[in-house]
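Trainee: Shown below is the structure under consideration.
Every number here is computed from the coordinates shown, using simple stated rules; none is lab data. This one's a predicted model, so the numbers in the text were calculated from it and none came from an experiment. Note that each Cβ is placed from the backbone with ideal geometry, even for glycine, and that neighbours are counted across all protein chains shown.
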Amino acid sequence: MADCYWQLGWYNYVPKKEAWPKARAAIEKALERDRTVAEAHTSLATYKDVVDRDYEGAEAEFKQALSLNSSDAQTHTQYSWHLDAIGQMDKAIEEAKKAHELDPLSLNVTSNLGQALFYGRRYEEAIEFYQQVLRSRPNSDEDHAYLGSAFEQKRMYDEAIKEFQKARDSSVEKVSMGGLGHAYAVSGKTTEARKLLDQLLREAPVRSYGLALIYTGLGDKDSAFLWLNKTFDDEDSRNQLVFIKVDPVFDNLRTDQRFTDLLRRMNLPT
């Protein structure tokens with residue numbers, strides 16, 4: 001139940017202020033009944049990561065979960081996710097690979113391994129991995145988006161744009177608009193990027209993170225930080241900043257003090 005509520009809140013199917021307290025209550029009930037259940041500690045660790053931004057507390061809970069059950073693929077997956085968020089990318093890849101060995105057919109586990117390779121900046125491996133994955137699930141918007149991101153980092157812009165377009169077309173909510181706009185911007189297609197900006201600015205609710213991505217690609221740092229901070233200030237959007245410390249899309253912002261300040265607001269290591 002805790003994991004269901006957490007997922008509902010993460011994807012905004014239920015307002016976070018409603019879903020996440022229910023997730024926490026379910027976690028506490030599970031631990032009250034039996035503190036030796038590894039999955040409950042994994043759920044608590046994830047909650048501490050995403051909601052509390054208590055990364056030290058999350059680390060302790062993940063280690064407790066793994067000490068109770070080292071063969072749980074989901075724990076290794078979520079731990080990998082945690083390690084990426086705090087910038088320990090090599091360890092994140094190790095955990096993601098362990099999870100994939102334990103449960104190679106899980107969609108969630110498979111997606112996480114691809115993400116770990118991407119955030120670990122092993123782009124060629126990520127490209128090969130996602131191309132293989134997409135043969136079996138060609139309509140996965142998330143996989144197309146990460147493949148597009150990996151192509152973009154290799155400066156294979158035509159391929160990147162095609163993948164972001166596929167991600168957009170496969171997603172009911174068009175969640176990849178920001179990624180597509182960023183790819184347009186860094187590839188020199190500024191007219192297309194600004195058209196997407198105008199479209200996103202007209203929509204309600206405003207997708208602040210998508211706007212931040214496009215402004216970052218256009219090199220407009222002031223606007224990028226404006227929308228990144230708006231993303232943080234919006235409780236229903238803040239989780240989109242989980243991987244900001246390691247996401248290469250923001251490399252051109254890292255030397256700016258405002259980026260360090262944002263990491264501090266997220267309680268991430270600077």
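Trainee: What share of Cα pairs, in percent, lie more than 22 angstrom apart in the chain?
Mentor: 57 percent
Trainee: A further question on this structure: Which FRET efficiency, nearest 0.05, do K162 and T190 yield, Cβ-Cβ r, R0 25 Å?
Mentor: Efficiency at R0 = 25 Å is approximately 0.85.
Trainee: Note the full-extension length gain between K154 and Q7 as 0.36 nm times their separation in residues minus their Cα-Cα distance, in nm to one decimal.
Mentor: Additional length available on full extension: 49.7 nm.
Trainee: Could you tell me the center-to-center distance, by alpha carbons, between the range 219-264 and the range 67-81 in angstrom?
Mentor: 29 Å
Trainee: Also, I was wondering about something else. Taking a cut-off of 24 Å between Cα atoms, list the lysines near K16, but don't count ones fewer than 8 places away on the same chain.
Mentor: Leaving aside lysines fewer than 8 places away in the same chain, those within reach of K16 are K29, K48, K174, K230, K245.
Trainee: Given 0.36 nm per residue, what is the gain on full extension from D256 to Q131 after removing their alpha carbon distance, in nm?
Mentor: 41.5 nm
Trainee: Is any residue of the range 226-242 close enough, with backbone N under 20 Å, to a label point placed 7 angstrom from the Cα of T270 along the Cα-Cβ axis, and if so, which?
Mentor: Under cut-off, by backbone N: 226-233, 241-242.
Trainee: I want to check the label-to-label distance for D54 and E18. Put each point 7 Å from Cα in the C-beta direction and report it in nm to one decimal.
Mentor: Between D54 and E18, the simple spin-label model gives 2.6 nm.
Trainee: Additional query: Rounded, prolate or oblate: which one fits the range 23-129, using the alpha carbon gyration tensor with axes a ≥ b ≥ c (rounded when a/c is under 1.5, else prolate when a/b beats b/c, else oblate)?
Mentor: Taking the square roots of the gyration eigenvalues as a ≥ b ≥ c, the range 23-129 is prolate.
Trainee: Kindly express, to the nearest 10 degrees and within the range 0 to 90, the angle between helix 107-119's C-alpha long axis and the longest C-alpha principal axis of the chain.
Mentor: 60 degrees
Trainee: Moving on to the next point. Express the relative contact order of the chain as a whole percentage, based on alpha carbon pairs under 8 Å and six or more residues apart in sequence.
Mentor: Relative contact order of the chain: 12 percent.
Trainee: Summing -39500 (n - 2.57) over the DSSP H runs of n ≥ 4 in the chain and dividing by its residue number, what mean residue ellipticity at 222 nm do you reach, to the nearest 500 deg cm²/dmol?
Mentor: Only helices count here, giving -22000 deg cm²/dmol.
Trainee: Using alpha-carbon pairs under 8 Å, 6+ residues apart, how would you state the relative contact order of the range 121-172 in percent?
Mentor: 37 percent
Trainee: Kindly provide the trypsin sites (Lys or Arg not before Pro) of the range 1-72 that DSSP labels as loop, not H, G, I, E or B, and whose Cβ sees at most 13 other Cβ atoms within 10 Å.
Mentor: Those satisfying the criteria are R35.
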